[in-house]
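The values are calculated or read from the model by the stated rules, or taken from the named source; none is laboratory data. These figures come from a predicted structure and were not determined experimentally. Glycine also receives a Cβ, built like all others from the backbone with ideal geometry; neighbour counts cover every protein chain displayed.
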Amino acid sequence: MKRVLIIGGTGSIGRLVADRLLELGHPPRVLTRDPDRAQRSLPDGVEVVAGDLADPVALRAAAAGVDAVVMTHGAPYGSGDYAAVDYGAVPAVLDALEEHRVPVVLMSSIGVTASGGQSRELLEWKRRGERLLRVSGLPYTIVRPGWFDAGSSSHQRVDLHQGDRIEYGPARRDHVAETIVQALLTDSARGRTVEVFSADGPALTDWAGAFHAAEPDRPGDLDGARDRPGPRPQAEPERVRADLRRHAHTPLTHEL
Ligand SMILES: NC(=O)c1ccc[n+]([C@@H]2O[C@H](COP(=O)([O-])OP(=O)(O)OC[C@H]3O[C@@H](n4cnc5c(N)ncnc54)[C@H](OP(=O)(O)O)[C@@H]3O)[C@@H](O)[C@H]2O)c1
């Protein structure tokens, strides 16, 4: 049995991850700012812990003794809290884990490597979070969902891709959650960045094979294996460079 901390476990994807982990015999721990609401809405067996990502003491307590971390958090769209929440969660979790080297599965988004578009600011902060986790030295998987439940309900197949091809489209929420859970439980998912979509065709059953077929990220490279190259660290905000200096445990292929 694994004790998994879910950051964002009350959200539309995180609660499906919590349900599935419970079903598989891994009762999760969910961090939330509103424990009463979470107790009411999450099934029995889920451990609810109160805390905000911005509170290092609460986060350290939440992370104590866990075997793995899932991150499906996100600031409300349009809130502008992306630096604090979408990105900030990653250095906050790395701080909370200290030297505790456990697998981390981070939900990000398709489109993080594209330039322009309405969601640019959000996606840039998500990419920065991905990049920090990639060089943290932790055994990670980054899962980038397509557009949630966008006309995909009849699609049975989980389709994993790489290279951030935004045109691939929709992903069922349950498919996103299943991919996150399987990434957590599958060794061949480590060190990989995948996009998840829902498509026609038979359901994916060989998760180990599917993750193994994905190209691993290059050690020390900030970007995913098949991504377009992202900005040099020197072009990033000082806060991001400071986090890279503090948390990068893998020798970087980029100058800081
Ligand atoms: N919509 C799409 O098609 C799409 C596609 C790809 C990726 N995404 C990404 O998916 C994310 C949204 O996922 P979702 O729908 O599952 O999320 P959601 O339903 O909006 O839930 C957000 C979660 O984040 C947690 N959270 C936010 N701020 C927090 C803080 N300061 N401290 C602790 N927890 C905090 C919330 O916890 P509490 O409120 O309980 O504290 C909640 O569990 C977004 O970041 C979005 O960019 C969306």
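The table below lists the values:
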read-out	value
Residue in region 7-18 that is touching a Leu at 6+ places or on another chain (Cβ under 8 Å), aliphatic (A, V, I, L, M) and either part of a helix (DSSP H, G or I) or within 22 Å of THR141 (Cα to Cα) (or both) present	yes
Failed item in (1) more than 11 Å from the ligand (Cβ to nearest atom); (2) under 21 Å from ARG228 (Cα atoms); (3) modelled with pLDDT of 95 or more, with GLN118 passing the rest	(3)
Of all residues making up region 33-80, the number that are of a type in the set (Asp, Glu) and either touching a His at 6+ places or on another chain (Cβ under 6 Å) or away from the ligand (no atom under 12 Å from the Cβ) (or both)	3
Count - residues of region 161-217 that are surrounded by fewer than 21 Cβ atoms within 10 Å (Cβ to Cβ) and either charged (D, E, K, R) or farther than 21 Å from HIS73 by Cβ (or both)	33
Enumeration of residues in region 218-252 that are without any contact (Cβ under 8 Å) to a residue 60 or more places away in the chain and either assigned to a helix (DSSP H, G or I) or loosely packed, with under 13 Cβ neighbours inside 10 Å (or both)	PRO229, ARG232, PRO233, GLN234, ALA235, GLU238, ARG241, ALA242, ARG245, PRO251
